[in-house]
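The structure appears right after this line, and notes come after that.
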């Protein structure tokens, strides 16, 4: 049975939208926004039998939840959407205990866990990463610039943020393939329906990643360096907490940025005049990034759990009800944005961005400014070095069936290569 909570079907409002909500298959997988628009208009909060929880789609109601962590807890945010098999649970016992981390903790515990990492994501440390990110991005482009075509996801938007976070951790790039697999499997284990066999494989990856991070911690305790891991070892966090958080940051620290860059490129290249706009005026890139974050958020949802009976969008929900906050829907809410289904590169030119792509409040993504920096550098370098970049025609673009991350696994692009000599 999908879901871990006792939300009861008799508490449903209109069941028809809940039955029609199928986010893991097309057409909703590739275009969830048409369904969310219907939901915002007809039933902004509805019960999903598939997820055994409620789906919340309106901006104001989602913001209300994010501003009230006392009544809407993060304790189940990382609870898998599928129930683990006994075999999977046995494999997971070979790793660390599943203690709280930055994403699924509340109150004082959350502050304690987050504090050491606020320091390593401080502005001056992010500023120091500018040079390494530029170096990585240019090297990646060097690898394919003379080919005239590339899968910009696998050859650029994925390895760029992964190498950047590995650099912060002090991890050699030769481990990138292992970490990429572990992160994909870890994400799939938590947020994708799968067969028992695949679940077991993903659990083994999760445990392998934990043991690798334990080895990194032990190594830094013996030989400290000026890297992220060494800098959090002086905190009061124990080894299990450190492993849990460090694993999560590797995963979130590159997948969000990768999808952020890939989604932006897809939408900009889909309308060539938009790509030309940033090539002609690169100073617009930070604003463009905010609009593409709003338009197609790389983190499409997070969940919360009620700690008491609450009323939300006119519906009374009992204690221990799981609610999926659909950021992707909030960012297209017509009561908040003019022409929300259009990509307007100057939407946030003169106003502070108010989208929910990185959440809001105490759980706002700790690495959001790092992700913005990576995306800005990525678009600056690509627009400068490949100004005639375009999408390869007639390709089939697909999204992974995932409740949290939204992005493309492949994105084929091409450009004109000047004749040699």
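When 247, 279 are screened for being surrounded by fewer than 24 Cβ atoms within 10 Å (Cβ to Cβ), more than 17 Å from residue 399 (Cα to Cα) and modelled with pLDDT under 95, only 247 passes. Checked against (1) modelled with pLDDT of 90 or more; (2) touching a helix residue (DSSP H, G or I) at 6+ places or on another chain (Cβ under 8 Å); (3) farther than 20 Å from residue 403 by Cα, residue 206 passes all but condition (3). The number of residues in the range 36-60 being more than 21 Å from the chain's Cα centre (by Cα) and outside any loop (DSSP other than H, G, I, E, B) comes to 11. The numbered conditions (1) on the phi > 0 side of the Ramachandran plot; (2) surrounded by 21 or more Cβ atoms within 10 Å (Cβ to Cβ) are all true for residue 52 except (2).
Residues in the range 317-346 that are without any contact (Cβ under 8 Å) to a residue 60 or more places away in the chain and farther than 21 Å from residue 78 by Cβ: 337, 338, 339, 340, 342, 344.
Scanning the range 376-400 for residues being part of a loop (DSSP other than H, G, I, E, B), under 26 Å from the mean Cα position of the chain (by Cα) and surrounded by 17 or more Cβ atoms within 10 Å (Cβ to Cβ) gives a total of 2. Residues in the range 61-76 that are part of a loop (DSSP other than H, G, I, E, B) and surrounded by fewer than 21 Cβ atoms within 10 Å (Cβ to Cβ): 67, 68, 69, 70, 71, 75, 76. Screening residue 310 on (1) within 18 Å of the chain's Cα centre (by Cα); (2) surrounded by fewer than 21 Cβ atoms within 10 Å (Cβ to Cβ) shows it passes everything except condition (1). Quick one: in the range 346-375, of everything that is over 15 Å from the mean Cα position of the chain (by Cα) and in a helix (DSSP H, G or I), which residue is farthest from residue 291 (Cα to Cα)? My answer is 362.
Criterion applied to 172, 203, 164 was being over 25 Å from residue 265 (Cα atoms) and within 21 Å of the chain's Cα centre (by Cα), and the one residue passing it is 203.
Taking the condition part of a loop (DSSP other than H, G, I, E, B), within 24 Å of residue 23 (Cα to Cα), modelled with pLDDT of 95 or more and within 22 Å of the chain's Cα centre (by Cα), does residue 340 pass?
Numbers: part of a loop (DSSP other than H, G, I, E, B): yes; within 24 Å of residue 23 (Cα to Cα): yes; modelled with pLDDT of 95 or more: yes; within 22 Å of the chain's Cα centre (by Cα): yes.
So residue 340 passes the test.
With respect to the conditions (1) modelled with pLDDT of 95 or more; (2) in contact with a strand residue (DSSP E or B) (Cβ under 6 Å, 6 or more places away or on another chain); (3) more than 24 Å from residue 246 (Cβ to Cβ), residue 73 lacks only one, and its number is (3).
The values are calculated or read from the model by the stated rules, or taken from the named source; none is laboratory data. Note that this is a predicted model, so its numbers are computed, not measured. Here the Cβ is made from the backbone with ideal geometry for all residues, glycine too, and neighbour counts use every protein chain on show.
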